[in-house]
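Note sheet for the following structure.
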Amino acid sequence: MGIVHPHLWYADNALEAAEFYVSVFPNSRITNVIHAPADMPGVAKGAAFIVQYELDGQRVEAISAGPYFQLTEAFSFVVECADQAEVDHYWDALLAGGGQESQCGWLKDRFGLSWQVVPQRLMELTLSPDADPEGAARATQVMLTQHKIEIAPIEAAYRGE
């Protein structure tokens, strides 16, 4: 059976991005860097070309191969967080150095990769089959106004406060 894993395209900074990601997430490491041969179009001979790494145990591969393709929100990593402290930690870490906030827990890091930083409590209150439908609707409405997800206002809305 084949192995399925994400492959990300960067213009020229796949190694820098991988180094950043493995510094943010535990259980992460760069496993291999393949340098470009002399005849690779748009890539300097010897430059970091393909970077293989593990991101919280998930195999990921990235390539520095020129500006031909761009990362978009059509692909994102989801960071499931246990509590508000984890949300705050990953939100701040991933925005560091020039990232951009978006809506509903989404952001783009400084390399253009999209992330969803989501507390498990949000899923419990809005998507669980056991959630009160009216409370879930109120909680969802609050979530839709947020950039970084703040659990306390969502819980209050769920309770009808």
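Among the criteria (1) among the β-branched types (Val, Ile, Thr); (2) more than 30 Å from Leu8 (Cβ to Cβ); (3) touching a residue at least 60 places away in the same chain (Cβ under 8 Å), the one Val142 does not fulfil is (3).
Scanning segment 26-84 for residues that are surrounded by 14 or more Cβ atoms within 10 Å (Cβ to Cβ), aromatic (Phe, Trp, Tyr) and outside the structural domain of Glu16 (by TED's automatic domain parsing) turns up just one, Phe77. In segment 1-111, counting only strands (runs of 3 or more DSSP E) that sit wholly within it, the ones holding 2 or more residues that are in contact with a His (Cβ under 7 Å, 6 or more places away or on another chain) and closer than 30 Å to Arg121 by Cα span 58-64. Residues in segment 1-24 that are surrounded by 14 or more Cβ atoms within 10 Å (Cβ to Cβ) and either in contact (Cβ under 8 Å) with a residue 60 or more places away in the chain or β-branched (Val, Ile, Thr) (or both): Leu8, Trp9, Tyr10, Asn13, Glu16, Ala17, Phe20, Val22, Val24.
The values are calculated or read from the model by the stated rules, or taken from the named source; none is laboratory data. Because the structure is a prediction, the values reported are computed rather than measured. Reconstructed Cβ throughout: ideal geometry from the backbone, glycine too, with neighbour counts over all protein chains shown.
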